[in-house]
1. Note down all Cβ pairs under 9 Å where the first residue falls in the stretch 18-39 and is open to solvent by 60 Å² or more (accessible area, probe 1.4 Å), the second is of a type in the set (Gly, Ala, Ser), and they're at least six residues apart or on different chains.
2. With respect to the numbered conditions (1) under 27 Å from Phe39 (Cα atoms); (2) open to solvent by 70 Å² or more (accessible area, probe 1.4 Å); (3) under 20 Å from the mean Cα position of the chain (by Cα), which one is the sole condition not fulfilled by Lys155?
3. Exactly one of (1) surrounded by fewer than 20 Cβ atoms within 10 Å (Cβ to Cβ); (2) over 18 Å from Val22 (Cβ atoms); (3) of a type outside the set (D, E, K, R) is unmet by Leu65. Its number?
4. If only one of Leu47, Leu70, Leu65 is among the aliphatic types (A, V, I, L, M) and more than 19 Å from Ala26 (Cα to Cα), which one is it?
5. Name the residue, out of Ile89, Ile80, Ile108, that is in a helix (DSSP H, G or I), of a type in the set (Val, Ile, Thr) and at pLDDT below 95.
6. Output yes when any residue across the stretch 11-25 is in contact with a helix residue (DSSP H, G or I) (Cβ under 9 Å, 6 or more places away or on another chain), at pLDDT 95 or above and more than 21 Å from Ser157 (Cβ to Cβ), and no when none is.
7. Thr42 passes all but one of (1) modelled with pLDDT under 95; (2) more than 20 Å from Leu146 (Cα to Cα); which number fails?
Amino acid sequence: MLEILFNHYPVLLEGLATTLVVSLSAIALGLVLGVLLAFGLTSRYGLLRWPCGLYRSFWRGTPILLQLLLVYYLLPEVGIEIAPITAAILTLTLNTAAFQSEIFRSGISHIPAGQIEAARMAGISAWQTRRRIIMPQVFRLTLPPLTNEIITILKNSSLISVIAVTELMRVSEQIASRTFQPLETYLAAALLYLAVNLVLARFSAHLERRMSGGLATE
């Protein structure tokens, strides 16, 4: 395994960089869409809740591999040419937005209704209430499940190799086919995935402590 890491680290790191770009781009874009969906899911208007719930059900209820293939092959059929890496980011974004929306919906449900009512009585607009009162608390409440979702997307990104994105898993497959050392190669890839996930978990734990400390001093 160490021999594979030392001899092929440039291409392995290049594949890892692609994995991180795709995964973190999807998480960031999915966060924005997930927040919007969460407010749609908690809306008092049924015409808004119903399509948001349908979207959430589809993207949470179907395999991500199937979603990748549908996006990659369906868009050209309707005249939209898309690069493999763009299709990967788009699919992972749409997928994680559904999961993040449920995380945020759960967080919003834990915000005391009295805070929202007090903001309304104080003349604070609905947008300002969501931005300044609701979402800061929701992010504190949902940081652990959000971290789990980031790690899940990072692991699921290994599937994007099926649409010819040269990320860490595809690079590992190429190295294994050249060296005839599949076990050592995939162990090396596993070590890189594990290292990144441990860093993300530690960073999340640090951020959670910072937020909890700030909340305690308020």
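1. Within 9 Å, the pairs are Leu29/Ala97; Val32/Ala97; Leu36/Ala97; Leu36/Ser101.
2. (1)
3. (2) is the only condition that Leu65 fails.
4. Details: Leu70 fails: more than 19 Å from Ala26 (Cα to Cα); Leu65 fails: more than 19 Å from Ala26 (Cα to Cα).
Leu47 is the lone residue from the list that is among the aliphatic types (A, V, I, L, M) and more than 19 Å from Ala26 (Cα to Cα).
5. Values: Ile89 fails: at pLDDT below 95; Ile80 fails: in a helix (DSSP H, G or I).
Going through Ile89, Ile80, Ile108 in turn, the sole match is Ile108.
6. Looking through the stretch 11-25, none of the residues is in contact with a helix residue (DSSP H, G or I) (Cβ under 9 Å, 6 or more places away or on another chain), at pLDDT 95 or above and more than 21 Å from Ser157 (Cβ to Cβ).
7. (2)
Okay, residues lined up against (1) in contact with a helix residue (DSSP H, G or I) (Cβ under 7 Å, 6 or more places away or on another chain); (2) open to solvent by 40 Å² or more (accessible area, probe 1.4 Å); (3) closer than 30 Å to Ser158 by Cβ; (4) of a type in the set (A, V, I, L, M):
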| residue | (1), (2), (3), (4) |
| --- | --- |
| Ala83 | no, yes, yes, yes |
| Asn95 | yes, no, yes, no |
| Ile103 | yes, no, yes, yes |
| Ser109 | no, yes, no, no |
| Ala113 | no, yes, no, yes |
| Ala119 | yes, no, no, yes |
| Gln128 | no, yes, no, no |
| Pro136 | no, yes, no, no |
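The values are calculated or read from the model by the stated rules, or taken from the named source; none is laboratory data. Computed from a predicted model, the values in this text were never measured in an experiment. Glycine gets a Cβ as well: all are built from the backbone with ideal geometry, and neighbour counts include every protein chain shown. These area figures cover heavy atoms from the full protein model, side chains too; ligands, DNA and RNA do not enter into them. Shrake-Rupley method; radii C 1.70, N 1.55, O 1.52, S 1.80 Å.
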